[in-house]
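The values are calculated or read from the model by the stated rules, or taken from the named source; none is laboratory data. None of these values were measured; they are calculated from a predicted model. Neighbour counts are summed over all protein chains in view; Cβ atoms, including those assigned to glycine, are modelled from backbone coordinates with ideal geometry. The accessibility values were calculated without ligands, DNA or RNA, using every heavy atom of the protein model including side chains. Shrake-Rupley method; radii C 1.70, N 1.55, O 1.52, S 1.80 Å.
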Amino acid sequence: MIKMPDDLRATAHLVDYEPLTLDEDHLSALSKKWESAATYFRNQADWPKSQPGTVWDPQSSWVRGHDRPLDAFVDFYENYPRKHCYSVAAQAPPVAGALNNIAGIVVSHKRAAYQALEAARNDLSRGGHLFGPKYLKVFGAHLYLPGVEGAYEEDVDADFATVDALREQLRQLNQRTQDSIDAQVKIIEQAGAALDRVADNAAQATTVLPDGPQTVSSGAPSTYEHWVEHGR
C-alpha cells in the first residue's frame, strides 16, 4: 500500500487534503480471489462429468428413457446446479476486473496527489516566501502581512496562488478518481444483481424437490442410490 510521505502531511493539511484510505494491495488480492472463484465454480459444475462410473461416463450403460428417476436427476443436474455454477462463474471475471481496475485507479490517484503536494511544498518552502520552511498557518483572503520577516508582497501573492492552485488540482483529481471508481462499482453491482438472480433461480429449482433445498446433499456421490436419493 502506498502511503503518504510524512514530509507532505503539512502541505496536505494546508489545503485540507485527505489521502485515500483504500488499500490497493487488498483490492488486488480480492481480484485474484474472484479469478480463483471462477475456476472453482466451473470445476464444480463439471466435476461429476469427470468421474468414472457416472451416467456421464462414455462407457456408461445408461440410456435415457429406461430409468425415469435417473433421467429426472440428469435433467435436474444439468439445470441446477451445473447451469447455476456456470452462471456464478460468469460473473466472477467482471468483478475481478473491476476490483483490479479500482486498485489501479487508487495507485494513479496517490501518485498524482503526492507529486502535486511535493511540487507545492518545494515551491512554498523557498526562502523569502510567506510560508517558508515551516509553513506559517495562514488561511483566508489574499493579503500582505507586514512584519513577517523575509516575506515580500509578490512572494506572498505567489504563495497564496500556489495554495489555491493545489487545492483546485486536488479537488479535480478527487472528482476524477471518484467518477472512475463509481464506474467500476456499477460493474460490481451489476454482477451482484446477476448473482442474486442466480440465487433466486436456485431456490425455485430446489423447492420442487421432495424435501426442498435440503435434498441436495453436500456429500460426495459414491453410489447410484446416493445420486438418486440426494441429487449429488
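In the set Tyr80, Tyr40, which member is under 22 Å from Ala193 (Cβ atoms), surrounded by fewer than 16 Cβ atoms within 10 Å (Cβ to Cβ) and of a type in the set (Ser, Thr, Tyr)? Full working, then the answer.
On the way: Tyr80 fails: surrounded by fewer than 16 Cβ atoms within 10 Å (Cβ to Cβ).
Answer to the selection: Tyr40.
Please go through the stretch 5-22 and pick out each residue that is surrounded by fewer than 17 Cβ atoms within 10 Å (Cβ to Cβ), in a loop (DSSP other than H, G, I, E, B) and touching a residue at least 24 places away in the same chain (Cβ under 8 Å). Before the answer, list the steps.
Pass one, the stretch 5-22, residues surrounded by fewer than 17 Cβ atoms within 10 Å (Cβ to Cβ): 5-7, 9-10, 13, 16, 18-19, 21.
Still in the running and in a loop (DSSP other than H, G, I, E, B): 5, 16, 18-19, 21.
Scanning the stretch 5-22 gives Pro5, Asp16, Pro19.
Pairs please, first residue from the stretch 84-105 and buried (at least 18 other Cβ atoms within 10 Å of the Cβ), second anywhere and of a type in the set (Ser, Thr, Tyr) and assigned to a helix (DSSP H, G or I), Cβ atoms under 7 Å, 6+ apart in sequence or on different chains.
Ala96/Ser31; Leu99/Ser31; Asn100/Ser28; Asn100/Ser31; Ala103/Ser28; Ala103/Ser31; Ile105/Thr177; Ile105/Ser180
Within the stretch 49-68, does at least one residue satisfy the condition of being open to solvent by 50 Å² or more (accessible area, probe 1.4 Å), touching a residue at least 24 places away in the same chain (Cβ under 8 Å) and assigned to a helix (DSSP H, G or I)?
Within the stretch 49-68, not a single residue is open to solvent by 50 Å² or more (accessible area, probe 1.4 Å), touching a residue at least 24 places away in the same chain (Cβ under 8 Å) and assigned to a helix (DSSP H, G or I).
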